[in-house]
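Visitor: Please find one structure pasted underneath; my questions will follow.
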Amino acid sequence: MGDGNVVIIGYIEVDPADRARWLELVTPLVEKTRHEEGALDYAVGPDLVEPNRIILYERYTGPEALQAHMASDHFKEFIAAARDIPITGGPHNTRFYQGGEFSYGPSPLASSQG
C-alpha cells in the first residue's frame, strides 16, 4: 500500500436469526459513509457460507478520516440502533492496515472513540 490509507478488513458474527436485521440497520450507514470525505470504500455484506458471519471492508485516506467516520452522526445512530443485537464474534477477526503495516484485533484508534 505504501501510503497513509487505512484499510479495515474483517468480519463480525451475530446469531443467524439476527443477521437480516443487522444488515437492514447497517444499510443507511453504508450509503452515508460512501459519501464521506476521506472514505474511499465502505462495504458490508453477508458471508455466503457462514450464516452468522458479516464481512466488513473499509478504506479511508488516513486515520483522521476514520476518526471522522466514527464521530459522524450516522455512525452513532447505527451503533444506537444495533445495540440490542449481540455481536458473538468480532474484533479478533479484524485486520487493520496503514501504510503497508498491519495489526490484528481492536483498532489502534479505539482509545480515541471516547
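All of the numbers you see were taken from the coordinates with simple rules; none came from a lab. Worth saying up front: this structure is predicted, and the values here are computed from it rather than measured. Cβ sites come from the backbone with ideal geometry, for glycine too, and all protein chains shown count toward neighbours.
Visitor: Provide the packing ranking of 4-11, 66-73, i.e. peptides ordered by the mean count of other C-beta atoms within 10 Å per residue, highest first.
Guide: 4-11, 66-73
Visitor: Over region 1-92, what is the relative contact order in percent, taking alpha-carbon pairs closer than 8 angstrom and at least six residues apart?
Guide: Relative contact order, region 1-92: 42 percent.
Visitor: Quick check on region 6-102: what does the Kirkwood estimate of hydrodynamic radius come out to from the alpha carbon pairs, in Å?
Guide: After inverting the mean inverse Cα-Cα distance, the result is 13.8 Å.
Visitor: Under a point-charge model restricted to the Cβ atoms of Lys and Arg (+1) and Asp and Glu (-1), what is the dipole moment magnitude of region 6-102 relative to its Cα centre, in debye to the nearest 20?
Guide: About 60 debye.
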